[in-house]
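For reference, the structure discussed in these notes is given below.
The values are calculated or read from the model by the stated rules, or taken from the named source; none is laboratory data. Bear in mind the structure is a predicted one, so any value in this text is a computation, not a measurement. In this analysis, Cβ positions are derived from the backbone assuming ideal geometry, glycine residues included, and neighbour counts consider all displayed protein chains. Ligands, DNA and RNA are stripped out before the accessible areas are found, and what is left, the full protein with its side chains, is counted by its heavy atoms. Shrake-Rupley method; radii C 1.70, N 1.55, O 1.52, S 1.80 Å.
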Amino acid sequence: MGQMQLSKNFNIDSLIKDREIKIFSDTKIIKTKNLSSAFGCICEKVELLNGKKYVIKYQDKINNNKYRSVYYEGKSLLDMNKKFKNLFPIVHYLEKDMFIMDWIENNGKKNKFSEKDLAKKLSSIHSVKNDMFGYNYNTPIGGLEQPSQYNNNWIDFYRNSRLLMIFEIINNKEPMPSKVNKGIEKILNNLESLLPKTDVASLIHGDLWTGNILYNNGNLAGLIDPAIHFAHIELELSSLTFLNVVSKKFFDEYREFIHLDFNYEERIGVYELYYALLNVYLWDRSYINQTYDIIKKYT
């Protein structure tokens with residue numbers, strides 16, 4: 001293959017040199033497109049001379065705790081493809097700093113049936129149950145390592161492995177305003193009265209925002225970039241509202257497949273708080289204002 005510069009930090013020759021990658025063995029790359037470069041990872045779409053298309057995701061930088069988010073993202077995709085072959089892409093190659101998966105054709109076009117399609121397929125994921133919350137390895141979200149040690153108590157898991165985890169990471173780096181921190185501490189100490197007790201642990205995608213839900217001509221073509229673990233389904237659903245992914249009608253569609261408490265909306269913000277804090281840490285501290293708006297509802 002001739003040398004081809006894919007992006008500022010991405011050179012195909014140096015990346016695949018000395019790696020035995022079968023999909024490249026009898027063809028060559030003729031076209032590339034950068035899809036994203038964030039959180040120390042570079043994501044490229046590649047088209048081969050034989051007409052096949054793939055996505056290469058490569059870890060360009062390792063964060064301070066040496067967590068290889070790309071490897072565990074690829075491992076998560078492998079797990080999900082085993083269970084849902086038509087929903088998650090096939091991973092053809094996985095190493096500690098890179099994976100290669102099928103390209104999923106998508107144009108972002110939705111129609112009046114798209115949300116029902118998402119509700120049906122998401123409910124199939126949520127129908128996979130476990131007797132404990134967490135997962136057998138830590139899965140990434142935005143390059144951040146989510147601790148997922150198994151716990152049989154949902155409230156303890158959400159408190160310690162999600163909300164407290166991101167709260168401490170943010171404040172260790174740069175403390176948030178006192179009123180915000182005091183409000184979050186109050187919520188952390190009061191979760192037993194804010195969240196329902198449950199022993200139902202459901203498999204969730206874990207990072208459902210618009211960019212990870214691929215539509216093509218109205219149909220749900222696939223899901224990518226999972227942060228999988230077993231959790232309460234309300235955590236997953238809260239991300240859909242917090243990130244404005246679906247309309248209110250979606251929840252009526254979802255209830256056709258899985259039971260969802262009608263008083264769920266009263267506590268949705270307790271879960272949205274996790275995603276708000278992720279935005280503060282991963283993107284911009286301006287999200288602190290949004291975080292405080294959530295806190296005021298529960299303190």
Just a yes or no: is a residue in the stretch 18-27 on the phi < 0 side of the Ramachandran plot and touching a helix residue (DSSP H, G or I) at 6+ places or on another chain (Cβ under 8 Å)? yes
Mind checking which residues of the stretch 50-71 are under 23 Å from residue 22 (Cβ atoms) and open to solvent by 30 Å² or more (accessible area, probe 1.4 Å)? 50, 51, 52, 53, 58, 68, 71
Out of the residues in the stretch 119-164 that are open to solvent by less than 20 Å² (accessible area, probe 1.4 Å) and farther than 18 Å from residue 205 by Cβ, which is nearest to the chain's Cα centre (by Cα)? 163
Mind checking which helices (runs of 4 or more DSSP H) fall wholly inside the stretch 180-299 and carry at least 3 residues that are open to solvent by 20 Å² or more (accessible area, probe 1.4 Å) and in contact with a Phe, Trp or Tyr (Cβ under 9 Å, 6 or more places away or on another chain)? 268-282
Within the stretch 126-148, is even one residue within 27 Å of residue 280 (Cα to Cα), part of a helix (DSSP H, G or I) and out of contact with any Cys (no Cβ under 7 Å at 6 or more places or on another chain)? no
Can residue 107 be described as open to solvent by 20 Å² or more (accessible area, probe 1.4 Å) and farther than 17 Å from residue 35 by Cβ? no
Restricting to the stretch 32-69, and then to whatever is touching a Pro at 6+ places or on another chain (Cβ under 8 Å) and outside any loop (DSSP other than H, G, I, E, B), can you tell me which residue is nearest to residue 104 (Cα to Cα)? 55
Within the stretch 72-97, residues open to solvent by 20 Å² or more (accessible area, probe 1.4 Å), within 21 Å of residue 23 (Cα to Cα), assigned to a helix (DSSP H, G or I) and not charged (D, E, K, R) come out as 78, 81
Test residue 223 against the criterion of being touching a His at 6+ places or on another chain (Cβ under 7 Å), modelled with pLDDT of 95 or more and over 19 Å from residue 150 (Cβ atoms), and give yes or no. yes
When residues of the stretch 13-34 are filtered for being open to solvent by less than 70 Å² (accessible area, probe 1.4 Å) and at pLDDT 70 or above, how many remain? 10
